[in-house]
1. Which residues, taken from the stretch 202-234, are within 14 Å of the ligand (Cβ to nearest atom), more than 22 Å from the chain's Cα centre (by Cα) and crowded, with 24+ Cβ neighbours inside 10 Å?
2. For the stretch 166-178, does any single residue satisfy the condition of being modelled with pLDDT of 95 or more, in contact with a helix residue (DSSP H, G or I) (Cβ under 7 Å, 6 or more places away or on another chain), small (G, A, S) and over 27 Å from L84 (Cβ atoms)?
3. Any idea which of (1) surrounded by fewer than 20 Cβ atoms within 10 Å (Cβ to Cβ); (2) at pLDDT below 95; (3) part of a helix (DSSP H, G or I); (4) of a type in the set (D, E, K, R) is the one K25 doesn't satisfy?
4. Applying the selection to the stretch 28-57, what residues are aliphatic (A, V, I, L, M), in contact (Cβ under 8 Å) with a residue 12 or more places away in the chain and in a helix (DSSP H, G or I)?
5. Kindly provide the set of residues from the stretch 12-22 that are within 30 Å of F243 (Cβ to Cβ), surrounded by fewer than 22 Cβ atoms within 10 Å (Cβ to Cβ) and touching a residue at least 60 places away in the same chain (Cβ under 8 Å), ordered by number.
6. Considering only the stretch 178-281, give the strands (runs of 3 or more DSSP E) lying wholly within it that have at least 3 residues that are polar (S, T, N, Q) and either touching a residue at least 24 places away in the same chain (Cβ under 8 Å) or in contact with a Lys or Arg (Cβ under 6 Å, 6 or more places away or on another chain) (or both).
Amino acid sequence: MILIDGKKAAAELREQLKQEVAELKTKYNKVPGLTVILIGDMAPSQIYVRNKEKSANEVGLKSEVIKYPDTVEENTVLEKIKELNNDETVSGILVQLPLPKHIDKQKVIETINPSKDVDGFHPMNVGNLSSGYESSVPCTPLGCYLMIKKIEPNLSGKKAVVVGRSNLNGKPMTQLLLKENCTVTITHSRTKDLKAECLEADIIVAAVGIPELVKGDWVKKDAIVIDVGINKTENGLVGDVAFDEVSKVAKALTPVPGGVGPMTIACLLKNTVECFKRSQI
Ligand code: NAP
């Protein structure tokens, strides 16, 4: 069984991006810039943002974090986004989610200029992705996609099952696999027989949030299994896939932690570089 090492894949991607950023600097005399807006003091968000900033600096991006207390007015945030939309030194804007209840998430997402939307959440990017056009792609499914392609470069005709239909993970993952000519089934909480669906799959991507939902006897021999889930349990962090059981049947499997997580941040940097390159055309 191939243990898909997300830390190694992310380090390789960061190294590639570092070289690319250096070349862009030589060519344009400037580097891509990533600005993150962080609202409130929720510990997980603080940690995510710190890691994003550290990784951005490591590859040579210009990075900035703008912090607001969780009492900030919605309009202050929207005005700041508009200012960043017009700032040529900013290639990518990310507003760290979740937001305080009084701030309308959709309004925030739609205020970001789609060409600077490094999270790929703006409806224009969602539409472009589903139409098969160039777009920013949400970082987690993009990371999953790159890891799957490393194991199996030709996905044409493969049967893929995506478990979970969130806008963040399941839906964009489905689009990426469809673009690769997979036959994709997207499943969710109302799916009648999830085990039977999974047993058909050459590729399973689980993005649910239920610890060890996908069992060993749900997985076809030699399937590729990507575990997006991050679940805190009394035994520590576990994914949505029963790792020990599934590792006995799968061809390749991502661990939790150390699988999808590290690739998510590396893909944010990739999206920032791509936004910069598109803005120079
Ligand atoms: P979400 O928005 O809560 O969506 C969960 C999806 O799972 C929904 O579509 C839901 O179906 C489906 N679902 C729930 N119970 C199910 C069941 N019994 N059988 C089949 N499907 C079921 O979650 P998310 O934001 O996509 O996140 C999923 C997991 O990924 C979480 O553990 C999260 O922490 C993790 N995550 C990891 C990363 C990373 O970087 N590794 C990034 C983001 C998220 P319905 O639509 O019918 O409700």
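1. W218
2. Going residue by residue through the stretch 166-178, those that are modelled with pLDDT of 95 or more are 166-178.
In the following step, the residues that additionally are in contact with a helix residue (DSSP H, G or I) (Cβ under 7 Å, 6 or more places away or on another chain) were identified as 168-169, 172-173, 175-176.
Now narrow it down to the ones that are small (G, A, S): none.
So far as the stretch 166-178 goes, no, none of its residues is modelled with pLDDT of 95 or more, in contact with a helix residue (DSSP H, G or I) (Cβ under 7 Å, 6 or more places away or on another chain), small (G, A, S) and over 27 Å from L84 (Cβ atoms).
3. (2)
4. V49, A56
5. Of the stretch 12-22, the ones within 30 Å of F243 (Cβ to Cβ) are 12-17.
Checking the rest, the ones that are also surrounded by fewer than 22 Cβ atoms within 10 Å (Cβ to Cβ) come to 12-16.
Selection gives L13, R14.
6. Numbers: elements: 183-187, 203-206, 224-227, 231-233, 236-238.
Hits in the stretch 178-281: 183-187.
The values are calculated or read from the model by the stated rules, or taken from the named source; none is laboratory data. Please read all numbers here as calculations on a predicted model, not as lab measurements. Note that each Cβ is placed from the backbone with ideal geometry, even for glycine, and that neighbours are counted across all protein chains shown.
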